[in-house]
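Reviewing the structure listed below.
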Amino acid sequence: MDPVRTTVVALACALVALAGGLYLGGHPSLLPDGIRKTFVTDENAVRDQLIDAIKDGYYKKTSRKQLEQASLKGVVSSLKDPFSHYLSPAEAKLFHESLDPAFEGVGMSVAEDKRGLRVVKVFDSSPAKKVGIGPDDVITAVNGRSIAGLPSSAATGRIKGPAGTSVTLAVLEPGKDRPRSIRVRRARIKIPIAVGRMINHKGVPLAYVRLAAFDSGAHAAVADQLKPLLKKGARGIVLDLRGNPGGLLTEAVLTSSLFIEKGPIVSTSGRTQPKHVFDAEGDTIAPRQPMVVLVDKGSASSSEIVTGALRDRGRATVIGQKTFGKGVFQNLEELQNGGVLDLTVGSYYLPSGENLAHKGIEPTVPAVDLPKTRRDEALPIAEDVLVAKVR
């Protein structure tokens with residue numbers, strides 16, 4: 001054979017062998033038993049032996065794939081971090097589908113709960129509202145499948161689907177022992193990210209703005225609602241972040257910058273993340289107007305960043321209930337098996353240096369809105385505090 005051709009063939013074979021080795025190195029379960037036991041590291045061999053023993057000997061039928069996915073979840077759950085999750089390929093698919101505009105929900109915001117999903121807020125005229133789902137209810141199962149222990153991204157993905165289709169939810173009401181089964185029809189829910197109005201309290205005009213989430217454009221939505229009210233003579237500002245689960249860090253900084261002219265808003269750092277201080281970015285529209293922030297136990301993440309910055313920088317009084325207490329942030333990494341690793345990589349720190357993990361922000365003035373009444377019991381307390389500041 002021609003020496004050049006021989007060299008090319010040998011090189012091609014080597015490349016094929018290398019590629020195959022790399023693939024099988026990342027998928028040891030595909031190797032024959034004898035080869036796997038010879039070449040795979042001791043730890044992986046024991047893991048593989050354990051999976052084989054369960055698959056072959058467990059009294060109920062189970063699959064290798066199911067056991068391998070469970071082992072990956074076990075690695076992440078061993079961190080004992082409620083915000084770090086491994087999403088299996090099937091769960092990751094649900095998560096990505098839930099981001100598709102063609103997939104709609106039932107009109108409620110939720111927070112993770114060890115039993116499933118705790119309802120934080122139900123939007124007016126939504127399908128969830130029409131069937132009687134309320135704040136503090138817990139969704140424990142979707143279409144007959146438990147969502148206990150699932151990350152919220154995967155659990156909410158099960159609830160969402162094409163508009164017009166139905167989903168069956170197991171809903172556990174506060175004080176009840178057993179959930180009730182409710183069938184809900186999904187719909188396209190159009191919820192403005194921010195709403196504002198003028199309030200006249202004890203003869204003083206006040207601007208009221210409620211922000212639903214820190215999605216892209218949140219700061220601009222707040223500014224759009226607030227500017228006309230300030231032009232009409234509002235003498236104080238109520239920023240309502242109740243039930244706001246957070247969102248983008250950049251939007252938290254930009255929203256805070258509407259009320260803080262310069263200086264630190266929040267800082268971040270982690271074991272592999274260098275410290276970074278986020279300062280106010282300008283475009284301030286209300287740097288001195290008296291202000292209060294309304295929060296509750298559903299105010300989390302970016303909501304806490306804004307609330308903490310306004311409190312620590314002396315811009316606002318905090319009214320309501322203690323916030324959720326999420327002082328960390330995550331990074332999403334796509335994995336080669338189609339799964340996703342949602343891993344906590346660092347912590348947030350307020351201007352005072354305080355980290356809110358598992359603590360939350362305690363309100364200066366407590367106020368609670370009773371979910372079963374039509375009246376908002378917390379807002380008048382916020383208005384009283386704000387009017388006293390204006391005068």
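Observations, loosely collected:
- About its Cα centre, the dipole of segment 141-208 is roughly 240 debye, where the only charges are +1 on Lys and Arg Cβ and -1 on Asp and Glu Cβ.
- Unit charges on C-beta of K, R, D, E only; dipole of the chain, Debye: 1380 debye
- Given the choices (1) 238; (2) 207; (3) 138, volume of the Cα convex hull per residue in Å³ derived from the coordinates of this structure is entry (2).
- Percent accessible area from carbon and sulfur atoms, segment 214-278, protein chains only, probe 1.4 Å: 53 percent
- Under the Karplus curve 6.51 cos²θ - 1.76 cosθ + 1.60, θ = phi - 60°, whole-Hz ³J(HN,Hα) for segment 141-147, x wherever Gly or Pro sits: 8, 10, 6, x, 10, 4, 10
- Protection proxy ranking of 83-90, 269-276, 295-302, by the mean of other Cβ atoms within 10 Å over each peptide's residues and highest first, is 295-302, 83-90, 269-276.
- Under 5 Å, built H, 5+ apart or other chain: amide partners of LEU206: ILE199, ASN200, HIS201, ARG235
- DSSP-defined beta bridges in the chain - what % are antiparallel, rounded to 5: 75 percent
- Accessible carbon and sulfur surface of segment 305-391 relative to its total accessible area, %, 1.4 Å: 51 percent
- Filter on LYS130/LYS326; LYS121/LYS160; LYS55/LYS80 - keep pairs with C-alpha separation over 21 Å: LYS130/LYS326; LYS55/LYS80
- Of the residues LEU335, ILE381, PRO363, the one whose Cα sits farthest toward the positive end of the charge dipole of segment 325-391, with +1 on the Cβ of Lys and Arg and -1 on the Cβ of Asp and Glu, is ILE381.
- Here the Karplus relation 6.51 cos²θ - 1.76 cosθ + 1.60, evaluated at θ = phi - 60°, turns the backbone of segment 167-181 into coupling constants of 9, 9, 10, 8, 10, 9, 7, x, x, 9, 8, 10, x, 9, 8 Hz, with x for every Gly and Pro.
The values are calculated or read from the model by the stated rules, or taken from the named source; none is laboratory data. All figures in this text were calculated on a predicted structure; none of them were measured in a lab. So basically every Cβ, Gly included, is an ideal-geometry build from the backbone, and we count neighbours across all protein chains shown. Note: areas computed on protein heavy atoms with side chains; ligands, DNA, RNA excluded. Shrake-Rupley method; radii C 1.70, N 1.55, O 1.52, S 1.80 Å.
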